[in-house]
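> First, the structure itself, so that you have it in front of you.
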Amino acid sequence: RPYRDCPRTQADLVRPPWRDPFAFLFIDPTGWTGFGLRAITPLLQQVRTEVLLNFMTGHISRFIDKGPRNVSASFADLFGDDSFRESWRDVKGLDREERMVETYCTRLAQAGGFRHCASAVILNPKFDRTHYHLVYATHSDDGLVAFREVERQGVTFQREQRADAQERKKAMHSGQLGLFGGRELVTRGYEDELRERYLPRAFERLDKMLETRREVRWDELVVEALGVPMISEADVKQWVKERQTQGAAEVMGLAPRARVPQWRSNHRVRKTP
C-alpha cells in the first residue's frame, strides 16, 4: 500500500521508491536482554520501517528498580542509558507501569525517528494484571489507526479467553465444572476498568485541542486520541456525537447523506459558541 506519511529523503529524488523496500521488524524476546536500544537503532533508522516489539512488562516491572549491578546495567542497555528511572520515581502501581512503557516508547520513537509509538496491554490470563505490552512504532498515521483497531477487536477476544481461563482455574480448585462457560458469565472485567481509566484521558485531549484551535481536521483529532491506550477511531466518533448533542461542536464537509466523519475524507470538526 502507499506509504503516504513516510518522510521523504534526498535519495528518493534520484531513485525509485522500490529501491528502499518496506521492512517490518518483529522483536519477540523471552526477557529484556539482547535487543538494547543502541544495538537495534541502525535497524530502526531505515526509512520505510515499522516495529512490533514484545515489551515484557510483568518481568521488567519486578526487577527494574532493584537487583544486582549487572541487572541494572541490562536495563540501561534496554532503555539506551542509565537515566531511565527518572520518569517513574516516587510513582507506584499502574501509574508506574504506564510511565515505564511510555518512557520506552518515547526512546524507541526518538531512536528510529518514528512519527508514532503506541502500546497495547496484554493481560495475564488468570489474574488482573499486565503480562506484557505490544509496542508498535510507525511513520504512518494509517498504521496507528490500524493498530488501534486491531487492539479494539483484541480486547473483546482477550476478555473472553481470560474469562474461560479463570473458569477453568476455579474448576480445578473445586473439582466441579460450572453450568456455563466463563465467557457466558462475564459482564464486566478488568479490561473495562482499564477502558474507564483511559477514555476520559482521550476525551480531555480532544476537548483541549478543539478549544485551542476552534476547527480541527478529523484525521488530526483521531491521531491525537489514539495516543492513549485502548482508544480507537470509534471512540472519537462517540466523542464528537456527544459534543454535537451538547451543541458544542459541528462536523464540516460531510456528504449530504453522511452522518459521521470518516478517516481520510477531509472532514473537520468546528467548535460552536
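The values are calculated or read from the model by the stated rules, or taken from the named source; none is laboratory data. Here the structure is a predicted model, which means the values were calculated and not measured. Note: ideal-geometry Cβ built from the backbone for every residue, glycine included; neighbour counts use all protein chains shown. Note: accessible area is taken over every heavy atom of the protein model, side chains too, but ligands, DNA and RNA are not part of it. Shrake-Rupley method; radii C 1.70, N 1.55, O 1.52, S 1.80 Å.
> Mind jotting down the distance between the C-alpha centroids of the stretch 23-58 and the stretch 77-145, whole Å?
Using only Cα atoms to place each centre, the spacing works out to 12 Å.
> Given +1 on the Cβ of Lys and Arg, -1 on the Cβ of Asp and Glu, and no further charges, what dipole in debye does the chain carry about its Cα centre, rounded to the nearest 20? Intermediate results must be reported in sequence, preceding the final value.
Details: 45 positive and 39 negative charges, 61 e Å.
Dipole about the Cα centre, nearest 20: 300 debye.
> Considering only the other residues whose Cβ falls under 14 Å of the Cβ of Arg38, what net charge follows from Lys and Arg at +1 and Asp and Glu at -1? If you can, show how the numbers build up before the last one.
Values: positive: Arg107; negative: Asp77, Asp81, Asp82.
Taking every Cβ under 14 Å from that of Arg38, the sum is -2.
> Suppose only helical runs count, i.e. DSSP H with n ≥ 4. What mean residue ellipticity at 222 nm does that imply for the chain under -39500 (n - 2.57) per run, divided by all residues and rounded to the nearest 500 deg cm²/dmol?
Working: 9 runs with 129 residues, N = 273.
Only helices count here, giving -15500 deg cm²/dmol.
> Of Pro256, Met172, Val47, which is farthest on the positive side of the dipole of the chain, counting Cα position, with +1 on Lys and Arg Cβ, -1 on Asp and Glu Cβ, and the Cα centre as origin?
Pro256
> Given a 1.4 Å probe and every protein chain left where it sits, what share in percent of the accessible area of the chain is carbon and sulfur?
Numbers: 8070 of 15660 Å².
The value for the chain is 52 percent carbon and sulfur by accessible area.
> Grab the other residues whose beta carbon is less than 11 angstrom from that of Asn266, score K and R as +1, D and E as -1, and report the net.
+2
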